Structures are given as C-alpha cells and as structure tokens.
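These notes concern the structure reproduced below.
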Amino acid sequence: MSHFSTGASARRLVNAVQKLERNLATAGLPRFVARLPVCWLSWHYCRMLDQKIARIKRIRGKFDRWGPAIHDASPVAQEKMEMLDLDHSMRTDIEFTKSTMMELRDYCVDIGRMFEQLGYESAGLKRRQTAFLEILDASCASASRMQDALTRHDDAVLAKLRAEADAAAAHSARA
C-alpha cells in the first residue's frame, strides 16, 4: 500500500474498509452488499465535501470583497496614513489561510487515491472533488490578490511618509 500524506489514519481506514468488505463477502453476501461500507464512506465524504465547499466559498467571498475594499479605501487611507500592516500580520494570516487550504487540497487528492485504491468510482464524488479543488484554487488566488493589494497600499503609504520625512529634513536643513 502506498503512503498517504494524511498519515496512518487514512491507511487504517482503507484497511478497515477492505477488511469489512472481505468479511461481508466471506459471509456469503452478494458483492454489491459487501461494497456498501465503501459506498457509505463515499457518501459520507461527499457530505463533508459539500460542507467544506460551502465554507470555502464563504471565505473566498470575503477575500473577493476585502481585496477591492482595500484597493478602494487605499487612496483615502494613504492621505490619512491609515491601515498600515507594518508587521505583516494581515498578510501572514492570509498566508496561513492559504497554506491551510493547500493542505486541504492535498488531503482531497489523497482521499481520491484512497477510493481508487479501494477500487471505487463515483461520478458524484469526482464532481465534488473537482469542485472543491477549483474553489480552493480560486480562493487562494483571491487571497493572493488581497495580499498584493495590502502590499501596494503599504508601499504607497510608506513612500508618502518617506517623502514627507525627506521634505521635513530638507526644510530643517535649510532653516
């Protein structure tokens, strides 16, 4: 069995489902009945994906709203020298969110491999996995755009502060 990046729990789950399927088949149940644990696992995973897709869509919506809001507020904030992210904490939080989404992406791919290993195919599962991967990629792209907007804003405010400091230094040097 190949190693899953999701660790021992996925391997244990594959082993448990395969063992249950073998036991049901050995007990004389028809193959479609013996496959019910795998079907149930797929159904359960599809429900989880539906929930995660809805959550990630909400996160993406926030990034999609906040990025343009930063861009639109940036000229006013530059005038007032507001909203600086000098310690990069906002960008760090966004980066953490993106890395978490990439971990979810890897997990989704690993789960797909697990079902392949179990010899199980489901159009509904594949559709949900594809939708999940697409929304994760779109969310990460939206988060990156927000990080870029924050960087552009901070650069503009810092440039204005430097210019004002240079003008003040030049004025005090003349005085």
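Computed from the coordinates by the stated procedures, all read-outs in this text should not be read as laboratory data. All of these numbers come straight from a predicted model, not from anything done at the bench. All Cβ positions, even for glycine, are placed from backbone atoms using ideal geometry, and neighbour counts span all protein chains on display.
See the values below:
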| item | result |
| --- | --- |
| Sequence ranges 114-125, 59-70, ranked by mean other-Cβ count within 10 angstrom, highest first | 59-70, 114-125 |
| The range 79-169: relative contact order in percent, alpha carbon pairs under 8 Å with at least 6 residues between | 50 percent |
| Rg to Rh quotient for the range 42-174, alpha carbon positions, Kirkwood Rh | 1.24 |
| The chain, relative contact order in percent, only Cα pairs under 8 angstrom and at least six apart counted | 36 percent |
| Integer Hz, Karplus 6.51/-1.76/1.60 couplings in order for the range 106-114, x for Gly and Pro | 4, 4, 4, 4, 4, 5, x, 5, 4 |
| Spacing of the two label points (7 Å from each Cα toward its C-beta) at Leu86 and His44, in nm | 5.2 nm |
| Vicinal HN-Hα couplings computed from phi for the range 147-160 (Karplus, 6.51 cos²θ - 1.76 cosθ + 1.60; Hz; Gly/Pro x) | 4, 5, 4, 5, 5, 4, 4, 4, 4, 5, 5, 5, 5, 5 |
| Förster-model FRET efficiency, 41 Å R0, Arg31 and Asp110, C-beta, rounded to 0.05 | 0.95 |
